[in-house]
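The values are calculated or read from the model by the stated rules, or taken from the named source; none is laboratory data. Because the structure is a prediction, the values reported are computed rather than measured. So basically every Cβ, Gly included, is an ideal-geometry build from the backbone, and we count neighbours across all protein chains shown.
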Amino acid sequence: MKDLKFERFTLPNGVRVLFRPRKGTQIVHAAVLIDAGTRDERPEEAGMAHFMEHIVFKGTKKRKSFHILNSLDSVGGELNAYTTREKTCFHATVAKTYADRAADVLQDVAFGPVFPPAEIEKEKQVVAEEMDMYRDNPEEAILDDYDAMLFGDHAYGRSILGTEATLSQFSQATLQTFHHRQYLPERTVFAITGNLSAAYVEKLAKKHFDFRLEKNSEPSLRPLPARKSACERVVSGRHLQAHMVIGGYAPQLRSEDYYAFGLLNFLLGGPSMNTILNLKIREKYGLVYSIYSFYNAYVNDGAWGVYAGCDGKQVARVKKLIEKELDALVHSPLSPTAVQRLKRQYLGGLMLQTEHQTAFLSGAAKDLLDFGNIPALDEIVDKIQGLKADDLQRAAAHTFANRFFILYEPGG
């Protein structure tokens, strides 16, 4: 198996550094992962973690917006960011020659933003348009409503984009407060991979990331979500197609059933074409255009679901067919041959994912922030290889029993 080991060290200010050497490449991938996301927002700050990801590109102490956007584009590189419920990531891809520039820009946007008031007002309009775009996409909108069903007012149940009401209240002062509270060296990982030496990476990290910030005294509150009894919700819509989600709570990260349920979700409706849902509902009956399952594992909880879009007249039939497959996974264990075939396919996909360098880097950095360690690939493979039909059936029984259901009815 190829070597996927990381070298790691911690700077005096608390920033952790991950380095994965890769020979034979002239490309460097780098990422700064901040342990701050939607779950860290107070109710009046809903959407601020995502807005922060936008606004840091609008000006820093060292660069104006144009210079940030041009810094890596001008040398053929890429600079981008994303926000999740638990993390914010800034990442860059450049030719090896520009590794120092990439590290400098990543540090600057993450820790040097000045939040120009005029840019804040303009960016509010951009995010408002983004909200409208998601509302016009029923597949996206129903997933937000589904999260709200499960987690209610908890941060896991709020849209990453926030609301118009909270967005309108964002200001230079409120953004500075959030940034000061969340963007801390000890909650940061700088991760990098490329054909570089460990000595060079250490020099690079010390140059750009061994900075000092004013000590923050505000606590970051992370209340645990409360689980609710299953319920159903029907929303009358204006779309031509019906959209539905059947799902519920799922194992949290690194819990007893985490790997078993991950394998189960892959079998049920993961990214492959030969999933149960695709073969038995889409291909066999032609009742849906899109059907898949998902598994969102968080540090303190998790959620799973099956999404399907179909003609309004077929809702009852599609729902029944989905529930039939869920019940089968609970009551009928897979054969040893089927389990081995599933493991082979899943592990093959896992190996392919290690080639997606930015995702691989940020995943390792997330593990380090959440758990203080990075599981070796061999360790993950061994855990998956050790799973048996009983483990998958147990995970299904624990998870599929308490089912929520939300439907967007088609309208005129």
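Summary of values
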quantity	calculated
Out of Val94, Val75, sole residue that is outside any helix (DSSP H, G or I), out of contact with any Ser or Thr (no Cβ under 9 Å at 6 or more places or on another chain) and aliphatic (A, V, I, L, M)	Val94
Neighbours by Cβ (under 6 Å, 6+ apart or cross-chain): first from segment 377-396, basic (Lys, Arg); second surrounded by 12 or more Cβ atoms within 10 Å (Cβ to Cβ)	Lys383/Tyr259
Conditions (1) in a helix (DSSP H, G or I); (2) buried (at least 17 other Cβ atoms within 10 Å of the Cβ): number failed by Pro333	(1)
Helices (runs of 4 or more DSSP H) fully within segment 357-412 counting 2 or more residues that are of a type in the set (Gly, Ala, Ser) and touching a helix residue (DSSP H, G or I) at 6+ places or on another chain (Cβ under 8 Å)	389-400
Test: residue in segment 127-146 that is at pLDDT below 95, closer than 25 Å to Glu78 by Cβ, surrounded by 13 or more Cβ atoms within 10 Å (Cβ to Cβ) and touching an Asp or Glu at 6+ places or on another chain (Cβ under 6 Å)	yes
Any pair with Cβ under 6 angstrom, 6 or more apart, that starts in segment 104-125 at a residue that is surrounded by fewer than 20 Cβ atoms within 10 Å (Cβ to Cβ) and ends at one that is in a helix (DSSP H, G or I) and of a type in the set (Val, Ile, Thr)	Glu123/Ile55
Matching strands (runs of 3 or more DSSP E) fully within segment 187-281 where at least 3 residues are within 26 Å of the chain's Cα centre (by Cα)	188-194, 242-249
Given (1) in contact (Cβ under 8 Å) with a residue 12 or more places away in the chain; (2) in a helix (DSSP H, G or I); (3) surrounded by fewer than 18 Cβ atoms within 10 Å (Cβ to Cβ), number of the condition Arg344 does not satisfy	(1)
Residue count, segment 1-57 (criterion: charged (D, E, K, R) and over 23 Å from Arg222 (Cα atoms))	8
Residue match in segment 35-46 (condition: within 20 Å of the chain's Cα centre (by Cα), part of a helix (DSSP H, G or I) and among the acidic types (Asp, Glu))	yes
Those residues of segment 288-314 which are buried (at least 21 other Cβ atoms within 10 Å of the Cβ), in contact with a Pro (Cβ under 6 Å, 6 or more places away or on another chain) and small (Gly, Ala, Ser), in sequence order	Gly302
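Residue-by-condition table, conditions (1) surrounded by 14 or more Cβ atoms within 10 Å (Cβ to Cβ); (2) closer than 22 Å to Ala165 by Cα; (3) over 20 Å from the mean Cα position of the chain (by Cα):
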residue	(1), (2), (3)
Phe51	yes, yes, no
Gly59	yes, no, yes
Leu72	yes, no, yes
Leu79	yes, no, no
Tyr82	yes, no, no
His91	yes, no, no
